[in-house]
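Undergrad: Sharing a structure here in structure tokens format.
The values are calculated or read from the model by the stated rules, or taken from the named source; none is laboratory data. Note that the coordinates shown come from a computational prediction; the quantities given were computed from them, not determined experimentally. Neighbour counts are summed over all protein chains in view; Cβ atoms, including those assigned to glycine, are modelled from backbone coordinates with ideal geometry. Remember, those area values only see protein heavy atoms, side chains included, never the ligands or the DNA or RNA. Shrake-Rupley method; radii C 1.70, N 1.55, O 1.52, S 1.80 Å.
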Amino acid sequence: MKKLTLFTLMFTGVFIATITLAQKSASFRQQRPEETAFLNKLHQELFDALPHTYKNWATGKEDLTFDATKYWCRDPGSWSICNGFILKTIGIADPYQLDWQVDFTMPDEEMAPLLSAAVGNIKDFTNAPQVAAAVKSTNKSKLSIFIVTNLFIVGTDSSTPLSYCAKTLPVTLSIPVPVTLALKGLHSAECPIMDGGSVSLHGNYYDNAIVFLGKPVVGKKTETTSDGLTTTRYAIGYDRTRISKMEVQNIVVTFKGDSADIDEAIKLINWQKLSDLIAK
């Protein structure tokens with residue numbers, strides 16, 4: 001009985017592995033050396049262009065061991081069956097796309113006074129602008145920068161959003177290289193974020209920004225979202241006829257943080273390096 005059980009387990013394991021490999025072969029193909037080289041080099045360029053320290057803030061964990069041969073099998077346990085593979089759709093239906101994100105967080109000893117002061121400034125919890133101003137004053141402790149290349153989205157529903165208070169229109173950003181879009185959306189106490197008829201104590205008052213390089217804006221859709229703010233979604237162009245080319249057509253950089261921190265972060269990015277990546 002024990003031998004039979006052991007055989008059954010071994011057979012089941014081989015069967016599952018075979019099915020997994022079959023599924024893998026249906027969706028993936030072997031990654032070509034030139035693809036590996038392109039993706040590894042592109043990742044390093046993106047990494048080098050972004051800041052990895054900000055003030056005395058803590059930096060979020062970053063994986064410094066990027067390897068394009070493992071990019072489509074993020075779980076180390078699956079490396080044995082997908083190491084060196086790439087999606088079959090890459091270069092046909094999907095572009096050679098990479099992204100990276102850096103996150104910074106204010107130290108606790110600086111964040112605590114912000115929270116204490118915010119609570120002390122609320123004299124009337126039914127006063128929406130007062131509560132909104134207090135919550136806004138605490139949304140200065142985090143900063144995120146996200147970058148993606150070869151963004152290809154059909155339609156504007158899933159395109160890059162810029163959120164802002166309708167009473168405070170987006171601000172045009174100054175970027176030292178040619179860009180096709182550079183806007184900062186401001187969240188303001190003039191647009192209190194409501195929750196069930198009362199002002200929310202957990203509303204998102206972080207500002208945000210978008211920068212497009214390479215291709216122009218090809219779509220724009222504005223709506224009022226459930227939080228009462230205005231969101232405009234921008235779609236960036238992508239030449240699908242060149243999807244098989246290992247090149248960078250567009251770069252999108254987005255920011256989330258306090259307006260002043262976003263301005264500082266923009267100064268720390270190597271925009272020339274990013275601009276040089278765009279295929280001419």
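Undergrad: Whole number please: convex hull volume per residue of the Cα set in region 186-280, in Å³?
TA: Given the Cα convex hull of region 186-280, per-residue volume reads 128 Å³.
Undergrad: Let me ask something else about it. Accessible area of Leu115, 1.4 Å probe, to the nearest 10 Å²?
TA: We get 90 Å² for Leu115.
Undergrad: So how long is each side of region 66-210 along the principal axes, counting just the alpha-carbon atoms, biggest first, in Å?
TA: Principal axes ranked by extent give 60, 37, 36 Å for the Cα atoms.
Undergrad: Mind listing which trypsin sites (Lys or Arg not before Pro) in region 181-226 are in a DSSP loop and have 10 or fewer other Cβ atoms within 10 Å?
TA: Loop-located and lightly packed - none at all.
Undergrad: Nearest 10 degrees is fine. How inclined is helix 108-121 to the longest principal axis of the chain, computing both from alpha carbons?
TA: The angle comes out near 40 degrees.
Undergrad: Still on this model: Using only the alpha carbons of the chain, determine the length spanned along each of the three principal axes and report them from longest to shortest in whole angstroms.
TA: 74, 60, 37
Undergrad: Nearest 10 degrees, 0 to 90: what angle lies between the long axis of helix 33-49 and the longest principal axis of the chain (Cα atoms)?
TA: 20
Undergrad: Working from Cα positions, state the angle (0 to 90°, nearest 10) between the long axis of helix 128-138 and the longest principal axis of the chain.
TA: 50
Undergrad: Region 136-157 to region 242-280: how many Å between their Cα centroids?
TA: Comparing the Cα centres of region 136-157 and region 242-280, I get a distance of 12 Å.
Undergrad: Could I ask something else about it? Report, in deg cm²/dmol and to the nearest 500, the calculated mean residue ellipticity at 222 nm for the chain, where each DSSP H run with n ≥ 4 adds -39500 (n - 2.57) and the sum is divided by the residue count.
TA: -10000 deg cm²/dmol
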